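See below for the structure under consideration.
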Amino acid sequence: MIPITPGISIDEKELTFDFIRASGPGGQNVNKVSTAVQLRFNLRASKNILPLMRQRAEKIAGQRLTAGGVLIISARRFRTQESNRKDAVNRLIKILCQAAIEPKKRRETAPTFASAKNRLMSKLHKRSIKRLRQTRHSVED
């Protein structure tokens, strides 16, 4: 079991690891050894994740989430499979920890005195600018 929060953990059997060849510099090691990791976690099928947490996780995951609800995390930062595997798991934990935190509800407050004053001053300023743009017609009798 991988602990996410004190009350939530996911089973290691829910994670699927695919090892692929990494791109970029690294010489023979990159060309021969599959060190990059793709971690797959079915977010929608996991029974340990609460529905509200699942919704927040889907929003946080963004394009890393497939249409079927599978979260894919690619890790290729390190030269070894084990390091990349740990990195991918840590990034999954980070996403799920962020999703576990309920956002604070915004309480509506009255505008401050300074903000109200600034608003009125900017209105006065705009009014004076527009008045300067007007052409004055003189009245001839």
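The values are calculated or read from the model by the stated rules, or taken from the named source; none is laboratory data. As the structure is a computational prediction, the values presented were derived from the model and not from experiment. Virtual Cβ from ideal backbone geometry, glycine too; neighbours counted across all protein chains shown.
Observations on the structure shown:
To keep it simple, each residue is scored yes or no on (1) of a type in the set (Lys, Arg); (2) in a loop (DSSP other than H, G, I, E, B).
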position: Thr5; (1), (2): no, yes
position: Phe17; (1), (2): no, no
position: Ala22; (1), (2): no, yes
position: Ser34; (1), (2): no, yes
position: Leu39; (1), (2): no, no
position: Asn48; (1), (2): no, yes
position: Arg106; (1), (2): yes, yes
position: Thr109; (1), (2): no, yes
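- Failed item in (1) over 22 Å from Met1 (Cα atoms); (2) touching a helix residue (DSSP H, G or I) at 6+ places or on another chain (Cβ under 7 Å); (3) at pLDDT 80 or above, with Arg79 passing the rest: (3)
- Residues of segment 7-66 classified as at pLDDT 80 or above and in contact with a Pro (Cβ under 9 Å, 6 or more places away or on another chain), total: 1
- Flag if Arg91 is closer than 22 Å to Ile20 by Cα, in a helix (DSSP H, G or I) and either among the hydrophobic types (A, V, I, L, M, F, W, C) or touching a residue at least 12 places away in the same chain (Cβ under 8 Å) (or both): yes
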